[in-house]
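The values are calculated or read from the model by the stated rules, or taken from the named source; none is laboratory data. Remember, predicted model here, so these are calculated numbers, not experimental data. Here the Cβ positions follow ideal geometry from the backbone for every residue, glycine too, while neighbour counts run over all protein chains shown. Note: accessible area is taken over every heavy atom of the protein model, side chains too, but ligands, DNA and RNA are not part of it. Shrake-Rupley method; radii C 1.70, N 1.55, O 1.52, S 1.80 Å.
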Amino acid sequence: MTAKIIDGKTIAAKVREELAQKIVSENGQDMPVLAVILVGDNEASRIYVRNKKKAAAEVGIGCEVLEFSDTIGEHALLEVIDELNKNSYINGIIVQLPLPKHIDSLHILSKIRPEKDVDGFNPYNAGLLACREPDAIVSATPRGILKLLESTGIELTGKHAVVIGRSNIVGRPVSMLLLNQDCTVSITHSKTENLSEIVRQGDIVVAACGCAKLVKKEWIKEGAVIIDVGINRVDGKLCGDVDFDAVCEKAAFITPVPGGVGPMTVAMLLENTYEAFKKQQKLKTDHVCQCGGHGCGCHHK
Ligand code: NDP
């Protein structure tokens, strides 16, 4: 068997194109606006933020990058979030991770208003996802992974999905999403015993552990669908968590690195921002003001 490549680049381009059309046709002069908080001088973070800003501009989403030195304290950063939460011009807020060690990331993320939490990293949104609430803002990478799986046309119900990794930003939310799609989910991690045997049971394998080419051909069930989230650099070349060439001989579908999950992450972040904008617009127009029109800033019907 030679695996079919799941072309994340093309699927992401289509998502972005459709989004651009919706934004132009539905919203006139109004545009969604995303605020990105960037702390410190991490080169990879700078590249990610630059890419997000460029992608946002291409679909008609405004993007304001707020940069801070890595000496900023947690309290000052919380004040920034507070201002952005209150600012009705801003529809989505994301904090580029990682943050410097002296700042508690979860504390910061939990202060983003859930309606503006377009990365879906606020524990409130993670909780809604775990409770299968449709209102949850689901983080971009897991949402992108689901879209890639849907593109294969395989039925997810009843499939055994093995997720390698249990981080708050990939492993856990993608596991919840797959569970909500009626998959049977095994979540594995660095302490898992007999990892290869568990992976071999997977009809779907999501590898998100950050270990270059960890997943071998011998670990894979014939005809499995492989989603490779990992981004690793070996001898200056990018590679995923899956031994791509060998696994291609056994899998039915596989995502490449680069060109698989990565482009979907950016596209789904933009989609989350657009959806947050629409919900906030609706709240404004549905809001019946109690001030009697005396300039309280409410939008009267
Ligand atoms: P983390 O480092 O936060 O989590 C890694 C997870 O993998 C942990 O749960 C860890 O287990 C587990 N793990 C580590 N080594 C092994 C092992 N040998 N066997 C089994 N499990 C293992 O990483 P992230 O979740 O943030 O990211 C994972 C990968 O995905 C990285 O390469 C990252 O760059 C990439 N990524 C790609 C994105 C994209 O858009 N393509 C987006 C986000 C991330 P434990 O909990 O026990 O420590």
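Nearest 0.05, what FRET efficiency do Asp245 and His102 give at R0 = 45 Å with Cβ-Cβ as r?
Efficiency for this residue pair is about 0.60.
Cα centroids of region 211-288 and region 51-94: how far apart, whole angstrom?
24 Å
How much length, in nm to one decimal, is gained on full extension between Lys278 and Lys22, taken as 0.36 nm per residue of separation minus their Cα-Cα distance?
Stretched out fully, the Lys278 to Lys22 stretch lengthens by 91.1 nm.
Could you check which residue among Thr157, Thr265, Thr255 shows the biggest mean-square fluctuation in a GNM of the chain with a 10 Å Cα cutoff?
Looking only at Thr157, Thr265, Thr255, the biggest GNM fluctuation is shown by Thr157.
Note the full-extension length gain between Arg132 and Lys216 as 0.36 nm times their separation in residues minus their Cα-Cα distance, in nm to one decimal.
26.9 nm
If the reach is capped at under 17 angstrom between alpha carbons, list the lysines near Lys52, excluding any in the same chain fewer than eight residues apart.
The reachable lysines, counting only those whose Cα sits under 17 Å from Lys52, are Lys9, Lys14, Lys116.
What residue among Arg200, Arg172, Arg233 has the largest mean-square fluctuation in a Gaussian network model of the chain, using Cα springs under 10 Å?
Sorting by GNM fluctuation, first place goes to Arg233.
Could you work out which residue, out of Asn168, Asn91, Asn194, moves most in a Gaussian network model of the chain, that is, has the largest mean-square fluctuation with Cα springs under 10 Å?
Looking only at Asn168, Asn91, Asn194, the biggest GNM fluctuation is shown by Asn194.
As a test of the formula, what do you get for the chain when each DSSP H run with n ≥ 4 contributes -39,500 (n - 2.57) and the sum is divided by the residue count, at 222 nm and rounded to the nearest 500 deg cm²/dmol?
About -12500 deg cm²/dmol.
Out of all DSSP beta bridges with both ends in the chain, state the antiparallel percent to the nearest 5.
For the chain, the DSSP antiparallel bridge percentage is about 10.
Taking all protein chains in place and a 1.4 Å probe, what share, in percent, of the accessible surface of the chain do carbon and sulfur account for?
53 percent
If you line up the long axis of helix 74-86 against the longest principal axis of the chain, both from Cα atoms, how many degrees apart are they, to the nearest 10?
That helix lies at roughly 70 degrees to the long axis.
Using DSSP to define loop residues, name the chymotrypsin sites (Phe, Trp or Tyr not before Pro) in region 50-135 whose beta-carbon has at most 16 other beta-carbon atoms within 10 Å.
Qualifying residues, ordered by number: Tyr89.
Between Arg46 and Asn194, how many nm apart are label points set 7 Å from Cα along the C-beta direction?
Each label point lies 7 Å from its Cα, and together they span 4.9 nm.
Starting from the Cα of Lys111, draw a straight line to each of the lysines and keep only those under 21 Å, dropping any in the same chain fewer than 8 residues away.
Lys86, Lys101, Lys279
Evaluate the relative contact order of the chain (contact order divided by residue number), counting alpha-carbon pairs under 8 angstrom at least 6 apart; express in whole percent.
21 percent
Assuming R0 = 35 Å, what is the FRET efficiency of Ala13 and Glu79, from their Cβ-Cβ distance, to the nearest 0.05?
According to the calculation, E is roughly 0.35.
Roughly how many Å² is the accessible area per residue of the chain, as a whole number, for a 1.4 Å probe?
50 Å²
Once R0 is set to 51 Å, what does the formula 1/(1 + (r/R0)^6) return for the Cβ-Cβ distance between Asn87 and Asp235, expressed as a FRET efficiency to the nearest 0.05?
0.65
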